[in-house]
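Down below is the structure, laid out as structure tokens.
The values are calculated or read from the model by the stated rules, or taken from the named source; none is laboratory data. Only a predicted model underlies this, so the values are computations on that prediction, with no experimental measurement involved. Neighbour counts are summed over all protein chains in view; Cβ atoms, including those assigned to glycine, are modelled from backbone coordinates with ideal geometry. Surface areas here come from the heavy atoms of the whole protein model, side chains and all, with no ligands, DNA or RNA. Shrake-Rupley method; radii C 1.70, N 1.55, O 1.52, S 1.80 Å.
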Amino acid sequence: MTEKSDRPGWLRRHRRWWYPLVVALLLGQMAFAMVTTAVAQAPTIDEPVYVGAAALYLQGGGLQVNPEHPPLGKLIIGAGLLFVDPYIEPSFQGNQTDLGRHVLYEAGNDADRLLLLARLPMIGLTLAFGLVVFAFARDITGRAGALIALAVYAFTPDVIAHGSLATLDVPTAGFLLTSVWLLWRARRRPWLYLPLAGLALGAALATKMSALAAVPVLLALAAWSVRHARPAWPPRPSSPRARRYVVAGAAATAIGLLALLTVWVSYLVVDPRLQTVPSGSVPAIGGLRGTVVDWLPFPESFRDGMRIQFGFEDWKWGGYLFGETYSGHRWYYLPAALLVKTPLGALALWLVGAAAMLSVPRLRPAAGYLLVPAGVLLAVAMTGSRDLGVRYAIVVPVFLAVAAAAVTAVRWPAAARYARPAAAVLVVLIAASSARAFPFYLPYANEAFGGPARTYHHLHDSNVDWGQDLSRLADRLRQRYPDERVWLAYKGAGVPEYYGISATDPREVPPEEVRGLLVVSNTWVATTGGELRELIDSSEPIDQVGHSITIFRR
């Protein structure tokens, strides 16, 4: 009996409407989760800088603000700001942090509206990348696998959390996935999909420099797609093998040039004169890294950004993992963070999907397009010095959502019959875990690690506490603790006074004077020492706000 005849009759009769309806419902719930989160959250630490740079772009400002990141992501953020035309005082002077604070809180703009409009284009992009996940998975495995991949993507808390912010991590991962999907399709129609893949790769590079690690892999995939195109491309069956290799190399070179052109255009749009950052603000990078940067054919501002990023990598950052504070970085930090912050059902689908890709002959070619880029990008990120969040490896849940679709192609004798029902059960578990976290997606941890309320016992910074709950804190203080003295140790970019919080920093007075409510960001609850640690240890925790801020009573 065929698979089609095994389906219930009503599914066959109504497939034309229920299938797109399920797709729409999955993306609709994701949109609802992201918009709801975006409306409720105060700015995270990085967002004001990007919003300030985007506002400056709209007023004809140059590339001097936030040079460590290329301009495309900020141009996309600026598309949302077109609806409000944010004001910047002509006399303003300050660094990029000062500019973000000025635009949101000091220049008379409506900070909440400005921030929401900056986030909406990124939410739209995140949803569009969901369609890429769906289409890629359908190309590889079929309709059932496509729904599983989209569901895994749409319910993943980290994708929802960072996709709802005016930041650059999800757009970079999404553009890279789009480029890889187009390269996969180029095996059938190279002349159409190869140029689009080059533009998508260029968009990733023009958003965040970490995409550079993917360039060699994607160029190799481009050559591979042309070399193994069916029908053969160019369409000359009698062409010698050597000529096919030359054509494949030429195609990869053309894609690289298109990506490079995209980066140049993004810089020229912001500043046709391509004015560079003042030399005193760019660190001198020597050795092999400096030589490579000097020889890259990118705009000088892009290369200045690379030098600044290398300077950041040379710093000795602090880390926190599983209750231990340390100096420097640990190579296993990102895999450990992914283990904590990925739903258990998604972890299972990732592993089984990856195994199926490697073991099912017809899926093995797709493994090179999904598992290899994700693995390379994760490995490069693991060498970084900043153990500050799973967002540095957000490419992993984005790419492996597609790999999860391979579960539907399992043909192992003991498992083939139960693969699809089991996958459906795991998707339901992912959805339930994600729903339990609503609307606090940023501090998500799976059930094996105690859920969002205990994330700060295992991880810190953008994994749990990125300053996002300042407005929620203001509401909580008004509703439950009116007229009480508040002492606030807040880690974030928001301005407490803007939200109506009247508080004093407890670190600025002798400890014996701190009486009333002690409010502390959970990163500092977990990692701080000195007098603030003594204050925390001698106080009684009475409340939590968004799983990122703890309220103590003294």
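Points worth noting:
- Residues satisfying the criterion are absent from the range 412-426 (criterion: touching a Gly at 6+ places or on another chain (Cβ under 7 Å) and farther than 27 Å from TRP181 by Cα).
- Test result for PRO70, closer than 23 Å to VAL180 by Cα and either in a loop (DSSP other than H, G, I, E, B) or at pLDDT 95 or above (or both): yes
- In this entry, VAL293 passes the filter for residues that are outside any loop (DSSP other than H, G, I, E, B), farther than 20 Å from VAL396 by Cα and open to solvent by less than 30 Å² (accessible area, probe 1.4 Å).
- Residue match in the range 111-134 (condition: out of contact with any helix residue (DSSP H, G or I) (no Cβ under 8 Å at 6 or more places or on another chain) and surrounded by fewer than 24 Cβ atoms within 10 Å (Cβ to Cβ)): yes
- Any hit, the range 376-393, residues being open to solvent by less than 20 Å² (accessible area, probe 1.4 Å), assigned to a helix (DSSP H, G or I) and among the aromatic types (Phe, Trp, Tyr): no
- The listed residue being under 30 Å from GLY546 (Cα atoms), open to solvent by less than 50 Å² (accessible area, probe 1.4 Å) and part of a helix (DSSP H, G or I), out of TYR105, TYR57: TYR105
- Per the conditions (1) free of Cβ contacts under 8 Å to residues at least 60 places away in the same chain; (2) under 29 Å from ASP98 (Cβ atoms); (3) touching a strand residue (DSSP E or B) at 6+ places or on another chain (Cβ under 9 Å); (4) not aliphatic (A, V, I, L, M), the sole criterion not satisfied by GLU531 is (3).
- If you go through the range 442-484 and keep only what is open to solvent by 10 Å² or more (accessible area, probe 1.4 Å) and under 21 Å from GLU47 (Cα atoms), you end up with HIS460, ASP461, SER471, ARG472.
- When TRP181 is tested against the conditions (1) of a type outside the set (S, T, N, Q); (2) farther than 13 Å from VAL398 by Cβ; (3) open to solvent by 10 Å² or more (accessible area, probe 1.4 Å), the lone failure is (2).
- Close pairs from the range 288-316: first more than 27 Å from LEU388 (Cα to Cα), partner hydroxyl-bearing (Ser, Thr, Tyr) and open to solvent by 20 Å² or more (accessible area, probe 1.4 Å), Cβ under 8 Å, at least 6 apart: GLU300/THR276
- Here the condition is being over 19 Å from ASP543 (Cα atoms) and either modelled with pLDDT of 95 or more or of a type in the set (A, V, I, L, M) (or both); of VAL486, VAL495, it holds for VAL495 alone.
- Number of the condition not met by ARG411 [criteria: (1) under 15 Å from the mean Cα position of the chain (by Cα); (2) open to solvent by 30 Å² or more (accessible area, probe 1.4 Å); (3) more than 19 Å from SER462 (Cβ to Cβ)]: (1)
- Flag if GLY305 is touching a His at 6+ places or on another chain (Cβ under 7 Å), within 28 Å of LEU58 (Cβ to Cβ) and in a helix (DSSP H, G or I): yes
- Each residue in the range 306-335 was checked for being open to solvent by 80 Å² or more (accessible area, probe 1.4 Å) and among the hydrophobic types (A, V, I, L, M, F, W, C), and 3 of them qualify.
- Matching residues in the range 351-365 - criterion: being in contact with a helix residue (DSSP H, G or I) (Cβ under 7 Å, 6 or more places away or on another chain) and surrounded by fewer than 23 Cβ atoms within 10 Å (Cβ to Cβ): VAL352, ALA354, LEU358, VAL360, LEU363, ARG364
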